[in-house]
Amino acid sequence: MRRKLLVIGGPTAVGKSETACQIAQKLGGEIVSADSMTVYRGMDIGTAKPLECMEKVRHHLIDVVDPGDYFDAKIFEEKALKAIEDITGRGKVPLVVGGTYLYLQALLYGIEETPEPDWKLRRRLYAVAERKGSGYLYERLRVVDPVYARKIHPNDLRRIVRALEVFIATGKPFSSFHRWERPRLSFAGFVLMRSWESLSKRIEERLRSMIERGLLDEIRGLLNRGFKSFLTSPQAINYKEFIPYLEGKVSFEEAFKEAVRNTREYARRQIRWFRKQGWTEVDLDRLGREGAVELIVRNYLQDP
């Protein structure tokens, strides 16, 4: 009998990768990454790719495309479903692990087919944003699709443009293509949590570790390859903040503080989404990693 899909979510820096790695080894599983940034090649340090775990456990949907290549929740949904089928077909346990809630929503609830990208229209929308700012387009999106507008950041220009593009092409809100009510996959969902004080401290400590491991050199390399427009997009946290520093426009301390602030804001949005899902919350501060692993494995095995 096939067991339910095991899904492990939580805010950034909470410890998802390390915890899931141990769970995967105990269950004989493979990990399907649900992270919108680790899909990009060459962005290893700033996206906290689980490089050490990848040597022990097979991962899927990491290093799929180059920075700036088109990749969205629908593409993720299709690739993730194929990966899950492949994993289960080989008798392994698939673990979906990540914090990109739009990707998790797409996988668990499904997205109807949306129109192919209209690059001409998209360029026009980006031109409008360049003249009037992303806030102008976000306000337009709030009028035509308030449901989707509430789910994304007001500065997430890539998603704002895509939603407006679909609305203009179809006359239907982008949110109408998403199914939000009833999951189409049977799954056991666990969300890793910590106190805000603990998580906030981990966010800052993780960024310091990234700097020590060569984040600035990674950014320089990506800039030299021509990926600046992507690295300055709202979703490229830990990259976009340091470009002004590398260009001599702000101090290192200013760039560091901005990156920490943006990461904390993103973590708050993630926490709000996960707490609405009703998944089993796992307190890493109280249980520790070993205790969390034991609890998730035990519950999963007891509930096929």
Residue check: is Arg298 charged (D, E, K, R) and either at pLDDT below 95 or outside any helix (DSSP H, G or I) (or both)?
-> no
Condition test on Ser176, is it touching a helix residue (DSSP H, G or I) at 6+ places or on another chain (Cβ under 8 Å), over 23 Å from Val32 (Cβ atoms) and of a type in the set (Gly, Ala, Ser)?
-> no
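Within segment 50-91, can you find the residues that are among the β-branched types (Val, Ile, Thr) and over 19 Å from Ile23 (Cα atoms)?
Residues of segment 50-91 that are among the β-branched types (Val, Ile, Thr), as a first pass: 57, 62, 64-65, 75, 84, 87-88.
Answer for segment 50-91, where residues must be among the β-branched types (Val, Ile, Thr) and over 19 Å from Ile23 (Cα atoms): Val64, Val65, Ile75.
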Of all residues making up segment 187-236, the number that are touching a Ser or Thr at 6+ places or on another chain (Cβ under 8 Å), assigned to a loop (DSSP other than H, G, I, E, B) and modelled with pLDDT of 95 or more = 0
Near pairs, Cβ below 8 angstrom, 6+ apart or cross-chain, from segment 279-304 (farther than 19 Å from Gly99 by Cβ) to any residue that is in a helix (DSSP H, G or I) and among the β-branched types (Val, Ile, Thr) | Val297/Ile23
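Just give me the residues in segment 51-77 being outside any loop (DSSP other than H, G, I, E, B) and among the hydrophobic types (A, V, I, L, M, F, W, C), in sequence order. Give the steps one after another, and end with the answer.
First, the residues of segment 51-77 that are outside any loop (DSSP other than H, G, I, E, B): 51-54, 59-60, 65, 73-77.
Of everything in segment 51-77, those that are outside any loop (DSSP other than H, G, I, E, B) and among the hydrophobic types (A, V, I, L, M, F, W, C) turn out to be Leu51, Cys53, Met54, Val65, Ala73, Ile75, Phe76.
Would you pick out the residues in segment 80-116 that are over 15 Å from the mean Cα position of the chain (by Cα) and within 23 Å of Phe274 (Cβ to Cβ)?
So in segment 80-116, the residues over 15 Å from the mean Cα position of the chain (by Cα) come out as 81-95, 109-116.
Leu81, Ala83, Ile84, Val93, Pro94, Leu95, Tyr109, Gly110, Ile111 - these are the residues of segment 80-116 that are over 15 Å from the mean Cα position of the chain (by Cα) and within 23 Å of Phe274 (Cβ to Cβ).
The values are calculated or read from the model by the stated rules, or taken from the named source; none is laboratory data. Small disclaimer: the values here were computed from a predicted structure and weren't measured. All Cβ positions, glycine included, derive from the backbone under ideal geometry; neighbour counts span all protein chains shown.
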